[in-house]
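Structure first, commentary second.
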Amino acid sequence: MARNKFDIDENLESPFNIKHFRRALVYIRKQQKPMIIAFLLSALSAGIALSAPLIIQHIVDVTIPAKDKTALLGWSALIFATIIVSVILATIRSRMMTRVGQDIIYDIRTDLFKHLQELPFQYYDDRPQGKILIRVVNYVNSVSDVLSNGIINFVLEILNLLFIAIFMFAVDVRLSFVILAGLPVFAVVILTIKKKQRRGWQNISNKSSNLNAYLQESISGIRVTQLFTREQHNEGTFTRLATNYRSAWMKSMRINFLVPFSVDNLSTIVTAAIYFVGLLAIGPKEATFGVILAMSGYAARFWQPILNISNLYNSFVNAVAYLERIFETLDEPVTISDKPGARELPPIQGRVTFDNVTFAYDPGVNILEKLSFDVKPGQSVALVGPTGAGKTTVVNLISRFYNITGGKLFIDGHDLSEIQLKSLRSQMGIMLQDSFIFSGTIMDNIRYGKLDATEEEVIAAAKTVCADEFIREFENGYMTEVNERGSKLSQGQRQLISFARTLLANPRILILDEATSSIDAQTERLLQKGLNELLKGRTSFIIAHRLSTVKNCDRIMYVSDKGIAESGSHDELLAKRGRYYKLYSAQKMEAIS
Ligand SMILES: Nc1ncnc2c1ncn2[C@@H]1O[C@H](COP(=O)(O)OP(=O)(O)OP(=O)(O)O)[C@@H](O)[C@H]1O
């Protein structure tokens with residue numbers, strides 16, 4: 001998929017595809033048993049409710065003329081009993097179906113979440129988070145009701161219709177045809193608006209997705225928004241998106257309202273026609289008052305399931321629009337995965353070899369071209385160079401967050417594309433500039449990469465990276481609860497916690513991408529000891545703009561022009577008086593002035 005933004009609608013062109021619905025049956029099949037029981041309960045309840053007009057007809061035509069008070073009491077009690085039984089059955093059914101609905105939500109959401117966890121970075125690079133969230137939360141909620149209650153109700157309403165037809169034909173054939181006469185008109189209405197209805201729902205889903213994406217982006221960026229006083233501008237964008245959503249909704253509803261509108265009118269016309277035809281035909285043999293009363297009751301009941309079915313059809317069309325999006329996410333290929341027959345990477349020494357590696361995020365736009373280098377186990381390598389040169393890209397490739405476009409990449413001589421991802425990443429430690437903190441305690445956060453680590457191990461790791469002191473200063477120490485993204489912590493504190501997390505995981509290859517950029521110079525000096533500890537015996541790649549942090553590295557590689565422009569030790573590169581020399585001198589001058 002091309003890059004998507006909050007104000008770009010997702011593709012609408014896929015034709016209505018019943019296969020989405022058939023695929024959803026996988027989730028429904030799991031709920032077969034409770035759904036069948038709920039269906040039977042509903043059928044029973046509907047059947048009981050249908051007997052009421054028959055009883056009324058009998059009361060009007062037989063019991064009242066006979067002035068039989070005892071029978072009247074008996075029939076009234078029976079009508080009352082049918083209502084009570086119907087209500088009890090409906091309550092049981094509704095409880096069962098709530099559970100079925102929740103189970104379906106649970107299953108679809110779990111599948112989506114599992115898949116999202118495996119999708120490569122590229123997937124997340126290409127679309128706003130809000131558009132992903134709305135699928136997992138809102139769309140799944142919407143389809144679950146249709147898949148559970150919707151299907152049962154659909155079958156029930158058809159049965160209901162059939163039963164009503166049988167009952168009404170049993171009472172009076174001629175008047176039954178009067179009731180059916182409205183059907184062709186209704187069919188014409190439905191066929192005319194069908195396509196527009198589907199488009200309408202797809203449009204609504206797109207606009208709400210856009211709105212959600214912008215909302216999510218605005219909340220994430222609220223600090224920057226307030227800093228640059230962009231609130232008013234953002235309100236404008238939000239209002240525009242909200243207006244688009246409202247217009248899409250109103251446009252769709254204008255079409256959808258045609259259905260209940262035509263059903264209501266047809267039902268009224270048909271009932272009037274029954275009275276008219278019935279009264280014209282009234283006579284001892286033709287039709288009684290009881291028959292006319294019962295038939296007008298059936299006329300109202302006959303059109304109700306038709307209205308319900310058309311509403312359900314509407315929800316089905318809507319659900320298919322959502323299912324399209326849900327299955328599209330589930331079908332998103334996991335492009336970074338183990339090849340069939342991929343081998344487990346044995347415990348590594350840490351040698352990293354790039355052999356003519358070419359890489360592009362977007363086809364045809366190479367970020368790296370024919371890059372070759374070899375890093376020996378235990379060596380520390382610094383990647384320096386101008387912004388956007390490709391330093392982060394190089395380390396992302398080592399962790400195989402992206403597949404390379406050309407060439408080969410080896411770890412200890414094992415081709416990266418031939419080994420199991422998990423065995424690779426479990427031997428790597430990566431620390432990014434934006435150290436992500438999960439909601440939970442500080443202890444949980446440090447333990448993130450090694451769940452079986454003891455408390456002592458966690459504390460030892462924190463001490464090594466100079467995090468222990470500030471953690472203990474919190475009222476609850478290591479058990480302090482932090483929010484998602486760690487907004488309770490300073491950027492430097494987050495980086496130190498992240499350091500401890502990485503150290504605890506004991507990786508063979510360590511990647512530090514601007515990992516110390518937010519730590520003050522004094523703490524960094526303190527941390528240096530811990531850092532040396534962390535680097536000892538591991539292959540490490542360190543990206544840093546502050547060159548003082550990397551000058552002791554075994555090798556410094558200057559990344560530029562889609563490759564490595566210069567490579568050597570700090571002293572060698574200074575002696576060369578090339579780009580590194582220039583950069584270093586500029587930073588030195590800056591520090592002095
Ligand atoms: N996910 C992505 N999709 C497309 N292009 C990307 C993506 N990430 C980075 N790029 C592009 O790739 C190039 C290299 O980016 P990279 O992040 O590797 O640079 P860097 O040297 O680490 O920069 P910095 O020093 O600013 O962190 C940049 O031109 C950037 O625009």
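Values in this text are rule-based calculations from the coordinates and carry no lab data. Remember, it's a predicted structure, so these values are computed and weren't measured experimentally. Neighbour counts are summed over all protein chains in view; Cβ atoms, including those assigned to glycine, are modelled from backbone coordinates with ideal geometry.
Here are the numbers:
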read-out	value
Among L512, F121, F261 - extreme Cα towards positive end, dipole of the chain, charges at beta-carbon	F261
Residue (of I348, H20, S209) at the positive-pole extreme of the chain, dipole from beta-carbon charges	H20
Span-like helix ranges in the chain, DSSP H, alpha carbon extent 27 angstrom or more, Kyte mean at least 0.0	32-58, 69-118, 151-171, 258-280, 289-331
Residues of type aspartates and glutamates that K69 reaches as a straight line, Cα spacing below 17 Å, ignoring anything fewer than 8 places off in the same chain	D61
Dipole magnitude (debye, nearest 20) for segment 381-504, charges at Cβ of Lys, Arg, Asp, Glu	500 debye
Whole-angstrom Cα spans of segment 207-260 along principal axes, big to small	50, 17, 11
Rg(Cα) / (2.2 N^0.38 Å) computed for the chain, rounded to two decimals	1.40
Placed amide H near G385: partners under 5 Å, 5+ positions off or other chain	V559
Computed lengthening from K376 to S337, 0.36 nm per intervening residue step minus Cα-Cα distance	11.4 nm
Cα-based reach from K576 at 20 Å (exclusive), listing aspartates and glutamates while leaving out same-chain residues under 8 positions away	D554, D561, E566
Amide H partners (placed H, <5 Å) of T441, local residues excluded	V482
Size of electric dipole in segment 18-331: Cβ of Lys, Arg +1 and of Asp, Glu -1, about Cα centre, debye, nearest 20	420 debye
Mean projected area in nm² (Cα convex hull; one quarter of hull surface) for segment 151-246	9.6 nm²
Sites E418 and T441, calculated FRET efficiency, Cβ-Cβ separation with R0 35 Å, nearest 0.05	0.35
Segment 110-126 residues near the modelled V136 label - backbone nitrogen below 15 Å, point 7 Å along Cα→Cβ	110-121, 123-125
Inverse mean reciprocal Cα-Cα distance (Kirkwood Rh) of segment 18-331, Å	23.0 Å
Violating pairs (Cα-Cα greater than 18 angstrom) within the set K33/K114; K408/K562; K370/K408; K131/K422	K33/K114; K131/K422
Rounded FRET efficiency, nearest 0.05, which uses the C-beta distance separating T268 from L78 and R0 of 25 Å	0.25
Size of charge dipole - the chain - debye, nearest 20, with Cβ of Lys, Arg +1 and Asp, Glu -1, no other charges	900 debye
Percent of alpha-carbon pairs separated by more than 19 Å within segment 437-506	17 percent
Whole-number D in µm² s⁻¹ for segment 51-180, Kirkwood Cα-pair radius fed into Stokes-Einstein, 4 °C, 1.567 mPa s	66 µm²/s
Segment 306-356: GluC sites (Glu not before Pro) in DSSP loop, at most 15 other beta carbons within 10 Å	E344
Added length on full extension, which subtracts the Cα-Cα distance from 0.36 nm per residue, D126 to T454	114.2 nm
Extreme residue, positive dipole direction of segment 437-506, given options F474, S439, Q491 (C-beta unit charges)	Q491
A360 long-range amide H proximity, modeled H, under 5 Å	I367, T405
Spatially proximal aspartates and glutamates relative to K463 (Cα-Cα < 17 Å; intrachain offsets below 8 disregarded)	D444, E455, E473, E524, E533
Neighbour-count order for M443, M168, M253, M589, fewest beta carbons within 10 angstrom listed first	M589, M253, M443, M168
Of all DSSP beta bridges in the chain, antiparallel share, percent nearest 5	55 percent
